[in-house]
Amino acid sequence: TSTAPLTGYIPAHLPIFVCFRLTGNEPLSILPLNSLPEESVGRAHYKLCDRLKLEKKQRRMCRRDPGVAETLREAITMSAQECQYQFRFERWNCTLEGRHRANMLKRGFKETAFLYAISSAGLTHAMAKACSAGRMERCTCDEAPDLENRKAWQWGGCGDNLKYANKFVKDFLGKRSNKDLRAHVDMHNTNVGLKVIKAGVETTCKCHGVSGSCTIRTCWRQLKPFHEVGKQLKQRYETSVKVGSSTNEQAPPLLQLNEQIPRTMNLLHIEDSPSFCRPSKYSSGTAARKCYKDKNCDAICCGRGHNTQSREVTRPCQCQVRWCCYVECKQCTQREEVYTCKG
Amino acid sequence: MAGAIIENMSTKKLVIVGVILLLFQAFAFMVGGLIAPSPTTAVHYLAIKCVDTVKHRQEAKWFMPWGPNQCDKIRSFDEASAKMIEANNIVFAVHIPLPDKEMSPWFQFMLVILQFDIAFKMYNQIEDGAMVTVDVGVAYRDDTVSEWTEMAHSYEQRKLNCNFTTSKTFENEGRYYECDLLPFMEVGSVAHKYYLLNIRLPVNERKKINVGIGEIKDVRLVGIHQNGGFTKVWFAMKTFLTPSILIIMIWYWRRITLMTRPPVLLEKVIFALGISMTFINIPVEWFSIGFNWTWMLLFGDIRQGIFYSMLLSFWIIFCGEHLMDQTERNRFSVYWKQVGPIVFGSFCLFIFDMCERGVQLTNPFYSIWASDVGTELAMAFIIVAGICACLYFLFLCFMVFQVFRNISGKRTSLPAMSKARRLHYEGLIFSWKEFTLCACPSIFVQVNEGHWHWGEHTVQVNSAFFTGIYGMWNLYVFAIMFLYAPSHKRYGDDQSRDAAANSGEDIQLTTTITHVDGPTEIYKMTGKEAQE
């Protein structure tokens, strides 16, 4: 745990972004383990769990079920992709390259808040999905020992996977006894992620009574696509509320802390974000970033102006596609202007 | 001529009977609410994408999504295109149930709903009226090691009803369409422990099969089955109720045969109502635990259909026999106009049910709603049945109105008499209200949370309503058979009393109406009050 000695609290809250050196583009190549055939699994997931930078309790939870490690990785990929999608027009484009991310997580920016929220949301989403894919050994009905489980399932079915996912994530990210403001804010933002997932649950029903009438109806809860969650979190990022003051670094008493953190569904941040214009600890700057003229070039390039390049682009067109795995397109050549920020 | 028990019973006894019935009713609700779990469970399944590597295989091979001998999986279709895998080689595999669990005959039925996650792509949009063709097979086994045995295999078409809520621009690529649920499979018995579904979406450009269905990201299924606990409670209830109704039925019929006159129409109808109730009650479902009877679902529908049409006929005849006009009734043929719509309506529903659940006996993937012709046909049946229901309702309302008019018309000549009768009609209306009040919440309540927390207890509202309403109908039939059975109190002298009490106009009626005529306790009581 490289960052743990420095700050003391980050790894616990953010296993997701801390544990992998993840760029978002190559997440699958990081772990060659997944190409191993499952027969040899046995304890193979132990290795995977050990490779992740997890806390003791988290490692235990990871080892308990072979599906957890895989789900964690999927959650990271999903959150990272969504983050990059949501921030594609912003100065900070969610670069998750190791050093930048670690530094970012140590601070209390709006962006940090977003990262915390989307990672917890992503984990819940991925966990619910893993449950329904049968990837997890223990999903619902997990409280009781095996025999009781079977009885519970036969008697009354098991609770929905959503409830389990929520419980798991709450457990996994855990409550920390850290008394300082930032830990509280991070916790709050993590919970916002969970709440957004919860609020985005849709109830769908099916009637199957006599002749298909609605005398008997079964309803189930269904998660919205993760894109929706990302969109909502982005909105909350924009309305993020600043709390406390970053100048007062000494931990104030707990009572005061609770007063400082409003009961809100908004994301919270402690300090103002840097401009992200120039290369810094937190980002590589916006030099050479592609931008859209008349749309965000002025904002992204921080007033440094942009280069215009005119080039021929070949784009696929008049495609013939199948639902899976086959696209045959003509190549159409177009002249296109590409705008990049000046350094 | 004998009056019914309800007329010869003292008020005190009536109240006692009422209270006992109410207690049983409360008990029926409590059995469902406190003992039984929720009636059904919905389980989510996400299909695993397997790759069928060997081409032109002879025997069917089954692909397992997890566990030992699992298939070669791909995570996403991007991976598939990189590996040059074709659409025809991708198999969506779903194992029911999830790991570490097993299905049981107590689950009674299983229905599966299909949902596609389709991402929006500018150059690969869902075409209007797109049909998706699925090549689906379902297999079962009863232990975790043996081979899979095929249960059914079919090519099915389903209409994709999807819409994209945001604007169709490049920026929104990758967002999902919102698609309607597709009915997928319905099995009337769960005789095996493990089920495996293998779904393919074959592409044939020439025949336009599965072309223009967008970019499918995932296939999700929702499996619904009845909960084992609920089934047990339900069976217990049925097993308890069958003899109760049977005994009262025998007792009722014995009383009728003891009389010197042949039974009148209303008595026969009440008896028929008892028979149809018993028909529902008989717990033949016990056999579904041991035998693989897939027709149980259809059989249940038929039984319910018979009971409800019997009940509706009973109400009409009950009203008709209380019409105080001079017409001679007491024949079933008189009521053909009112009973006709009931019979025709239920016949329509029966045909519809046969088309849906009947065909599902041979092909569990069949759905009448899948094809346009089928949908129109189904809608036609349902609309005709609806029209019949409206007609029936109009007739019934008209009859109730007539009854009231007649009563008020005769009030001047027979003040006390009409009062007594009106009480009966009020009883009828009460039972109507009871019906509507109890039938509506059963639909309404399920919209809300399935359970309430009440202190430490969790009350399963849905289950409570199912057992409550089932209990209610049983009690209703029980009460009617008990209260309208001929009384043999004062067997000899009531003929003269009737004659003495009624005016000449009503003597005609006594030949047809056995139970309302004659001074009842209530009438006597109200009469006394009037005197005072």
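FYI, it's all coordinate maths here, none of it is from the lab. Computed from a predicted model, the values in this text were never measured in an experiment. Note that we place each Cβ from the backbone using ideal geometry, even for glycine, and neighbour counts take in every protein chain shown.
Some observations on this one:
- One equal scatterer on each Cα of the range B:177-242, no solvent, Debye formula: the resulting log10 I(q)/I(0) at q = 0.16, 0.17, 0.22 Å⁻¹ is -0.82, -0.87, -1.15.
- Taking 31 Å as the limit for the C-alpha separation, the pairs A:Lys163/A:Lys281; B:Lys83/B:Lys208; A:Lys224/B:Lys207; A:Lys163/B:Lys168 exceed it in the case of A:Lys163/A:Lys281; A:Lys224/B:Lys207; A:Lys163/B:Lys168.
- Cα centroid of the range B:1-39 to Cα centroid of the range B:350-405, whole Å: 33 Å
- In order along the range A:107-124, the phi-based Karplus estimate (6.51 cos²θ - 1.76 cosθ + 1.60, θ = phi - 60°) of 3J(HN,Hα) comes to 9, x, 6, 4, 5, 4, 4, 4, 4, 4, 5, 6, 6, 5, 5, x, 5, 4 Hz; Gly and Pro are listed as x.
- Legend: ranking of residues A:Cys62, B:Cys162 from fewest to most surrounding C-beta atoms inside 10 Å; resulting order B:Cys162, A:Cys62.
- The range B:41-226: Rg to Rh, with Rh as the Kirkwood radius over Cα pairs: 0.97
- Inter-chain Cβ neighbour average for residues B:221-232, partner chain, 10 Å: 4
- Summary value for the range A:286-343: 49 percent relative contact order, contacts being C-alpha pairs under 8 angstrom separated by 6+ residues.
- Residues A:Cys301, A:Cys332 in ascending order of nearby Cβ atoms (within 10 Å, fewest first): A:Cys332, A:Cys301.
- Across A:Lys242/A:Lys293; B:Lys49/B:Lys159; A:Lys56/A:Lys106; A:Lys56/A:Lys151; A:Lys47/A:Lys234; A:Lys170/B:Lys217, pairs whose alpha-carbon gap is larger than 27 Å: A:Lys242/A:Lys293; A:Lys56/A:Lys151; A:Lys47/A:Lys234; A:Lys170/B:Lys217
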